[in-house]
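**Q** If you scroll down you'll find the structure; I have some questions about it.
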Amino acid sequence: MSKLEWFGFIVFWFLIFKFLLYCFIFPFIRWLRSSGWKTDGGKAFAIITGGTDGIGLGYSEHLASIGYSLLIISRNPDKLEIVKNRLKEKIKNCPEIRTLPFDFSTPRIEDYDIVERTISELPGRVDVLVNNVGVSFKTGDYFSIISKVQSKLLQDMISVNSVSVVMM
């Protein structure tokens, strides 16, 4: 193929690609964005476990900003109250913020009745669950010495990272 044929080939496929983008892909993306999550004026709740720090706090802020009522579950009641007040102050269009202090490292299954009762008492439906609670080793070298690690830490990891997923 000559250089002119290559140039024509490239221009042809560029125009085909641009046509597909503008006729199919961009409208599809706009449709996805417009069909976003519906909060029904605050009647829809989002439950966030581990919602007082890091990624969980980010989810709490975002879901509150788009109009969801929140139930934030974390083990520290003081931190829950601080986050609740900060979110109420920062995000005015969040209809309601509820908190539940709960320690997911508790190994008893019966303790999850508290969570179930709290969720059943919510005045709206639950649309979103962000199960963000988790525990890990402080550093990666613990994986090589797992038999020497405290059994309490291993039990907490199983309770928080596995049992909480099933129970929630």
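**Q** Out of I91, I73, which single residue is at negative phi and touching a residue at least 60 places away in the same chain (Cβ under 8 Å)? First the steps, then the outcome.
**A** Values: I91 fails: touching a residue at least 60 places away in the same chain (Cβ under 8 Å).
From the options I91, I73, the qualifying one is I73.
**Q** Name, by its number, the condition in (1) modelled with pLDDT under 85; (2) open to solvent by less than 10 Å² (accessible area, probe 1.4 Å) that does not hold for R30.
**A** For R30, the exception is condition (2).
**Q** Please go through the stretch 99-114 and pick out each residue that is in a loop (DSSP other than H, G, I, E, B) and either open to solvent by 20 Å² or more (accessible area, probe 1.4 Å) or at pLDDT below 90 (or both). Outline the logic, then answer.
**A** First, the residues of the stretch 99-114 that are in a loop (DSSP other than H, G, I, E, B): 102-108.
Selection gives D103, F104, S105, T106, P107, R108.
**Q** Looking for whichever is of a type in the set (V, I, T), open to solvent by less than 80 Å² (accessible area, probe 1.4 Å) and modelled with pLDDT of 90 or more here; the options are I145, I73, I66. Which one fits? Spell out how you get there, then give the answer.
**A** Values: I145 fails: modelled with pLDDT of 90 or more; I66 fails: modelled with pLDDT of 90 or more.
On inspection, the qualifying residue turns out to be I73.
**Q** Looking at the stretch 78-98, which of its residues are under 17 Å from the mean Cα position of the chain (by Cα) and either polar (S, T, N, Q) or open to solvent by 70 Å² or more (accessible area, probe 1.4 Å) (or both)?
**A** Within the stretch 78-98, R98 is the sole residue that qualifies.
The values are calculated or read from the model by the stated rules, or taken from the named source; none is laboratory data. The shown structure was predicted, so the numbers you read here are calculated from the model rather than taken from an experiment. Virtual Cβ from ideal backbone geometry, glycine too; neighbours counted across all protein chains shown. Areas reflect the complete protein model, heavy atoms only, side chains present, ligands, DNA and RNA absent. Shrake-Rupley method; radii C 1.70, N 1.55, O 1.52, S 1.80 Å.
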